[in-house]
Amino acid sequence: MAISRYVLLVVFTIAMLASTAMSDPILTKVDRHVENPGPLIMSEVLLAFPELQAKNLAYLMASSHETKGKPKGSVVSLPIKAVNLDERPSAVTFYSVLLPKEVAAGESFTLDVLAVFTHALRPVPEHITQVDIQLVLYRDSVYYLSPYEVKVQSLTVKLPDSKIESYTKLESTKVHGSEIKYGPYENLPPFSLSPITFHFESNLPFAVAQELVREIEISHWGNVQVTEHYKLIHGGAKSKGEFSRRDFQARPNDRGASAFSFLVAHLPARARSVYYRDLIGNISTSHLRVDSRKTELMVEPRYPMLGGWRTAFTIGYGLPLQDFLYESEENRFLNMTFGSPMIELVIDTLIVKVVLPEGSSGILAAAPFPIKQWQETKISHLDIGGRPVVVLEKTNVVPEHNQYFQVYYKFSGLSMLREPLMLISGFLLFFAACIGYMHADTSISKSSASYLAKQQWEEVQVLIQKVQNVINRCLAMHDNLEASLRDLSRTGDVQACKAARKSADGLLKELSKEMKPLLTSLQAYSSAAQILPKVEELVAKERELQEKVMLKHSTAVEGYERKSGARDIDHRVALLQQKITALKQEVDDLLQFIDDI
Amino acid sequence: MATMPILPNMPALDLIKSFKLKTKQQELLIRVSILCLVYILAFITRLFSVLRYESMIHEFDPYFNYRTTLYLTQNGFYDFWNWFDYESWYPLGRIVGGTLYPGLMVTAALIYRILHFLRFAVHIREVCVLTAPFFASNTTLVAYFFGKEIWDTGAGLVAAILIAICPGYISRSVAGSYDNEGVAIFALLFTFYLFVKAVNTGSLAWSLASAFGYFYMVSAWGGYVFIINLIPLYVLVLLITGRYSMRLYVAYNCMYVLGMLLAMQIRFVGFQHVQSGEHMAAMGVFFLLQVFYFLDWVKHMLSDTKLFQAFLRITVTCAVAVGAIALGLGMLSGYISPWTGRFYSLLDPTYAKDHIPIIASVSEHQPTAWSSFMFDFHILLFLFPAGLYFCFKRLSDATIFIVMYGLTSMYFAGVMVRLILVATPAVCLVSAIAVSATVKNLTVLLRSKNKGVQTGSTKGSSSSKASSKALLDQSQPFQKNGAIALLFGAFYLLSKYATHCTWVTSEAYSSPSIVLAARGAHGSRVIFDDYREAYFWLRQNTPPDAKVMSWWDYGYQITAMGNRTVIVDNNTWNNTHIATVGRAMSSYEDEAIEIMRSLDVDYVLVVFGGVTGYSSDDINKFLWMVRIGGGVFPVIKEPDYLVNGEYRVDKGAAPKMLNCLMYKLCYYRFGEMLTEYGKPPGYDRARGVEIGNKDIKLEHLEEAFTTSNWIVRIYKVKPPNNRW
């Protein structure tokens, strides 16, 4: 009997809010005014919940009442832990709140407790037709269940609507519209209970995600990809009988009023490439509103969600990495919200998977509330060993759980280059294989006639190519000579021009020397017989062209030396020039012809 | 300073010249880059549907293929092979492994595996969606090689370009059209190419390759029957025209024997190659070829012509007699099955209409209208005869093949709309020959004359130059201008073809038909996604073992997207079963409920376009249900549903029509609805009439779900009432 020794005088104000638009959680707000009359100093307070509520309890937060004057956001929650007391009735679950300062005897302390329950509203009747109105039933105790003696307590129940089918009437009950007040009651012994029930109308969307898998994939190239797979059910009264689209379209307010047809998600700012699809494809009924502070996504399921109907879909979006990832050298941590971005959604099982880049190590996840966690690997694009995945699982998740959680890990920036390098080397290998294949000799028989002929022909082709090369170099020489002539007409430098001719002459002679062995070896091949006359003709023509070019050059230079007029030189050269052009044409044609073979 | 005459070769030109590749290299470079571009073009032109809509599977049959591919990737090949599908043809079920052509699924699964092996974590749906465009790209390569084989590289290139964008082919190979035809056309053309190559070279390797090509084709599509009949026909024609050669003998024997053995490995085909009438021609030609070879050998051995003549007469008579007797015995004993209805309907277009309503009811089995030829082939329709002319001018084994392929497939394309697809490669190849030959002739004309002018001008002196030029101009002024004009004409036509193809692809062939799009009042695009709405509703909100009755068109979609058991589906293998559904739909509710209870039906799904004006709905298909139902159950009589031979749904409709199940399910509570401003309630926008029966009461069924645009309506069969 450890507890009863400290008889506490507790003042309660219980405000119960039947959630405004929550699917079916009930918020119980308890203001506790704790006074320690006992002889001992107390540092913690026990909160008790009957089993009926305890299993629906999704979120519990206690805060000191002193922070009332401060802005709402700065409420400091007090640490809470579940405790097991064997001497108490097993139907009660206890949580102990550690007080910020010890409360001495006679002192008092005010505590705000926020508890969120899910699945606390039961539709009665369980099945309704499209015409019927959805009614739900809520049970609670009019007295606050407490291990301590309660001095004063009152209870206010806020219902979503003033349409109340029935409620438990006690002496001290007052009804104001949708609010029902009980109490105040004074000097209640510990563990007093007195059940009350409310039966009221509620057309709030009872959207429950039976399972939500959030996959957060980090790419150090600058993107955090979030993919959320929802399995949704309308948790209210199940619909029975026929669903008339005609009625639903004509009178949506009283034919299927409990149905919901859209959900709103508040995505983080700068969310991009948002998609909304399901197993069988894209769902076109969604709207995205973007402003600088947030991105609002409104998704409509494929069909209106009547009571008991299910749907499943996936939404996905990319987020800029720098908004969520903090790093110092190799240590990085991801800071993201835990719950779903959908507002007013109750999640039975939430699984958050954080996919880290391949090569991450030293992985550690931290969340502000107890969760189950383990690790697995996922194989995605261009992975060898797979990416490490941190999996966090929590049941009974409500929007209050939308708090930040962190995943710490180590990742070297060089590992980022692994995948591009893999791609590059893959292509390199492919091209190398292609080159290897092109050069490899895959024929089986090396002595067959066709194989030999083919090889011979290849050799002939190599020779011909060499011949062409020589000819082309000769032609280039001719062009050099022409260029020197043009220089002459510009500068009048006869000596330079002569030198050019001399060097060209020498080179051309060398080239003709080079040509000789090629021609003789070409003659040796039988398969070259067809092409040989053409090649010989080409060589002859080229020689002729060479002579003519030389002649023209020397004529022009001579003319300069004799200081004859430009017209005179032109006249003398003209005939040669014509022949040169014709020869050049012929040589070109022959080259073309040989090329075409 | 005096200026030198400006010489013809400027230094800049020299520089370019030194960089210039050799003509052959140039040609290779251009050819390869054109082929690469065509390859990419063929792929991306088929992506309109992905851009307009999304990466999704289209139409009806592809959903079955997708479902089986999914099964294959999830459960492995052996499970797929042994799969007994309980979800279709309830209560009969379907042996999937033995009743499908697995080529497509295996191909997609293989691509999927390879990609995953290379660590590209793509979804199987993306693979399925892009399989058809990928194979279309491959087809362009095959068309190039085929064109090269029958004519020259130029024709090959043109063929590749033509086939890359030809609407006749695109209609069945856009992204998302995950159907057998997508890979089958590739396989068909590839087999033909390999066979022609084998005939041209007489190489055993090529004919072996063609046997494997044939095996792939058999595994992919029922259209392989076309190959196994066309090739023997071709061999026969070569025999008759005296073009028999050892090359042909090697090619056909190897291809036929190995191809047949390989084809038997496909369970759906089984022993049809030796047992079915449709495959007997190939076997006959095979034996004929042996007789021919034998005679050739005997002729070679016997030097006496007279003796040989006698021997010839005896052998031919014997061979024909033995063949005829074998065939007759086979037919009589039932070992060789007679031709199937589909085959008959190919040879005789009116056959299906009179005998098999289920074949005739499919719109793609209708005889082809002229307009759709024009739509699918455009200028190829005119180029085809021109190409035939060129082929006949340069007759070879290969051109004979393409001529025969073109002519036979054109005939079949005329019989059935969907067979335009088979004709497309032939038409493209033959047209490519026409284009290539014409352009080549014209350019040769232009180039040679230019050269002539040049040589004339350079060789002669200035005085003779002018005269020669004048002479040339006199002799061929018309020819030169004509050639230029014709070239421009050809390019104009080809560019018209390109724009037409792009337009057709984007407007007509890129709609998934699951998602309907329409123009809204303000020009915005309105999307009707009712099919998926309904199927997803079925998937999520009905018991997993619910049986859904609908007309067979939607069977595959319901099983694939709704994941629910259906009574009949697009496989149409059991006419009686379909007729039962047709009978239920066309009976009064009291009679229909008996049929539905006997089939364990939980839900009935109908497609109704009266609100949106969607015309391919069940009311418009209803007469086929009556016909097919009446074909098996004589209780159903078509005239009962007609008034003076006219099909109507308004007040003047037949009483049986106004009260049959289909009418009731479609128009249930529609009478209260105002669909169009200024029209009475219950105005059917698809048919443009006010419906005749506005007060519809359902006794045994209740509306379970209707999509937002009323296109799909699902009814639940109520459990029988308690007796007391």
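The values are calculated or read from the model by the stated rules, or taken from the named source; none is laboratory data. Since we're looking at a predicted model, the values are computed, not measured. So basically every Cβ, Gly included, is an ideal-geometry build from the backbone, and we count neighbours across all protein chains shown.
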Legend entry - Selection count, the range A:306-355, where residues are within 14 Å of another protein chain (Cβ to nearest Cβ), out of contact with any Gly (no Cβ under 8 Å at 6 or more places or on another chain) and not small (Gly, Ala, Ser): 6
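If you check B:Tyr112, B:Tyr78, which single one turns out to be surrounded by fewer than 18 Cβ atoms within 10 Å (Cβ to Cβ) and either within 14 Å of chain A (Cβ to nearest Cβ) or of a type in the set (Ser, Thr, Tyr) (or both)?
Details: B:Tyr112 fails: surrounded by fewer than 18 Cβ atoms within 10 Å (Cβ to Cβ).
Criteria check complete, one pass: B:Tyr78.
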Inset, instruction - Kindly provide the set of residues from the range A:375-399 that are within 14 Å of chain B (Cβ to nearest Cβ), touching a Pro at 6+ places or on another chain (Cβ under 8 Å) and within 22 Å of A:Thr337 (Cβ to Cβ), ordered by number. - result: A:Arg387
Inset, instruction - Would you be able to tell me the number of residues in the range A:248-267 that are at pLDDT 90 or above and more than 16 Å from A:Tyr303 (Cα to Cα)? - result: 3
Inset, instruction - Scan the range A:35-42 and give yes if some residue there is within 47 Å of the chain's Cα centre (by Cα) and either modelled with pLDDT under 60 or farther than 30 Å from A:Val136 by Cβ (or both), otherwise no. - result: no
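Residues checked against (1) more than 27 Å from B:Arg94 (Cβ to Cβ); (2) among the hydrophobic types (A, V, I, L, M, F, W, C):
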position: B:Phe212; (1), (2): yes, yes
position: B:Phe215; (1), (2): no, yes
position: B:Ala220; (1), (2): no, yes
position: B:Tyr234; (1), (2): yes, no
position: B:Leu262; (1), (2): no, yes
position: B:Gln265; (1), (2): no, no
position: B:His273; (1), (2): no, no
position: B:Asp296; (1), (2): yes, no
Legend entry - Hey, B:Val568 under 27 Å from the mean Cα position of the chain (by Cα), of a type in the set (Val, Ile, Thr), away from every other protein chain (no Cβ under 14 Å) and part of a loop (DSSP other than H, G, I, E, B) or not: yes
Legend entry - Counted residues, the range B:55-73 - those being within 14 Å of another protein chain (Cβ to nearest Cβ) and either among the polar types (S, T, N, Q) or surrounded by fewer than 17 Cβ atoms within 10 Å (Cβ to Cβ) (or both): 1
Inset, instruction - Looking only at the range A:283-291, decide whether some residue is over 14 Å from A:Met342 (Cα atoms), assigned to a loop (DSSP other than H, G, I, E, B), within 13 Å of chain B (Cβ to nearest Cβ) and of a type in the set (A, V, I, L, M, F, W, C). - result: yes
Legend entry - Within the range A:301-357, tally of residues that are outside any strand (DSSP E or B), surrounded by fewer than 20 Cβ atoms within 10 Å (Cβ to Cβ) and aliphatic (A, V, I, L, M): 2
Inset, instruction - Quick one: in the range A:548-597, of everything that is small (Gly, Ala, Ser) and within 21 Å of A:Arg490 (Cβ to Cβ), which residue is farthest from the other protein chains (Cβ to nearest Cβ)? - result: A:Ser554
Inset, instruction - Would you mind telling me which numbered condition in (1) outside any loop (DSSP other than H, G, I, E, B); (2) more than 14 Å from chain B (Cβ to nearest Cβ) A:Tyr275 fails? - result: (2)
Inset, instruction - Residues being touching a residue at least 60 places away in the same chain (Cβ under 8 Å), under 27 Å from B:Lys716 (Cα atoms) and surrounded by 15 or more Cβ atoms within 10 Å (Cβ to Cβ): count how many of those fall in the range A:233-292. - result: 18
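Does A:Lys372 satisfy the criteria of being away from chain B (no Cβ under 14 Å), touching a strand residue (DSSP E or B) at 6+ places or on another chain (Cβ under 7 Å) and modelled with pLDDT of 90 or more?
Values: away from chain B (no Cβ under 14 Å): yes; touching a strand residue (DSSP E or B) at 6+ places or on another chain (Cβ under 7 Å): yes; modelled with pLDDT of 90 or more: yes.
Yes; evaluated as a whole, the condition is true for this residue.
Given the residues B:Arg685, B:Arg723, B:Arg669, which is the only one that is within 10 Å of chain A (Cβ to nearest Cβ) and basic (Lys, Arg)?
Working: B:Arg685 fails: within 10 Å of chain A (Cβ to nearest Cβ); B:Arg723 fails: within 10 Å of chain A (Cβ to nearest Cβ).
That would be B:Arg669, the only listed residue that is within 10 Å of chain A (Cβ to nearest Cβ) and basic (Lys, Arg).
So which residues in the range B:688-720 are touching a strand residue (DSSP E or B) at 6+ places or on another chain (Cβ under 8 Å), in a loop (DSSP other than H, G, I, E, B) and more than 12 Å from every other protein chain (Cβ to nearest Cβ)? If you could, list the steps in order and put the result at the bottom.
Of all residues in the range B:688-720, those touching a strand residue (DSSP E or B) at 6+ places or on another chain (Cβ under 8 Å) come to B:689-691, B:698, B:700-707, B:709, B:711-718.
Those still in the list that are in a loop (DSSP other than H, G, I, E, B) too: B:691, B:698, B:700, B:707, B:709, B:711, B:718.
Correct list: B:Ile691, B:His700.
From A:Leu507, A:Leu452, which residue is at pLDDT 85 or above, surrounded by 11 or more Cβ atoms within 10 Å (Cβ to Cβ) and either more than 14 Å from every other protein chain (Cβ to nearest Cβ) or on the phi > 0 side of the Ramachandran plot (or both)?
Sole residue among the options that is at pLDDT 85 or above, surrounded by 11 or more Cβ atoms within 10 Å (Cβ to Cβ) and either more than 14 Å from every other protein chain (Cβ to nearest Cβ) or on the phi > 0 side of the Ramachandran plot (or both): A:Leu507.
Could you grab me the full set of residues in the range B:592-618 that are part of a helix (DSSP H, G or I) and closer than 30 Å to B:Gly688 by Cα? Before the answer, list the steps.
Step one: filter the range B:592-618 for residues part of a helix (DSSP H, G or I), giving B:592-598, B:618.
Across the range B:592-618, the qualifying residues are B:Ala592, B:Asp618.
Identify the residue in the range A:255-272 that is part of a strand (DSSP E or B) and within 26 Å of B:Met56 (Cβ to Cβ) and, among all such residues, is nearest to the other protein chains (Cβ to nearest Cβ). First the steps, then the outcome.
Pass one, the range A:255-272, residues part of a strand (DSSP E or B): A:260, A:263-267, A:272.
Subset that is within 26 Å of B:Met56 (Cβ to Cβ): A:263, A:265, A:267, A:272.
On the way: A:Leu263: 16, A:Ala265: 20, A:Leu267: 21, A:Arg272: 18 Å.
Filtering first and then ranking leaves A:Leu263.
Select from the range A:155-172 the residues that are hydroxyl-bearing (Ser, Thr, Tyr) and surrounded by 18 or more Cβ atoms within 10 Å (Cβ to Cβ) and list them in ascending order. Before you say what the answer is, go through the steps one by one.
Of the residues in the range A:155-172, the ones hydroxyl-bearing (Ser, Thr, Tyr) are A:156, A:162, A:166-168, A:172.
Result: A:Tyr167, single match.
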Inset, instruction - Mind listing just one residue for me: the one in the range A:305-346 that is over 16 Å from the mean Cα position of the chain (by Cα) and aliphatic (A, V, I, L, M) and, of those, farthest from A:Ala271 (Cα to Cα)? - result: A:Leu306
Inset, instruction - Only one of these is more than 30 Å from A:Met416 (Cα to Cα) and β-branched (Val, Ile, Thr): A:Ile280, A:Ile315. Name it. - result: A:Ile280
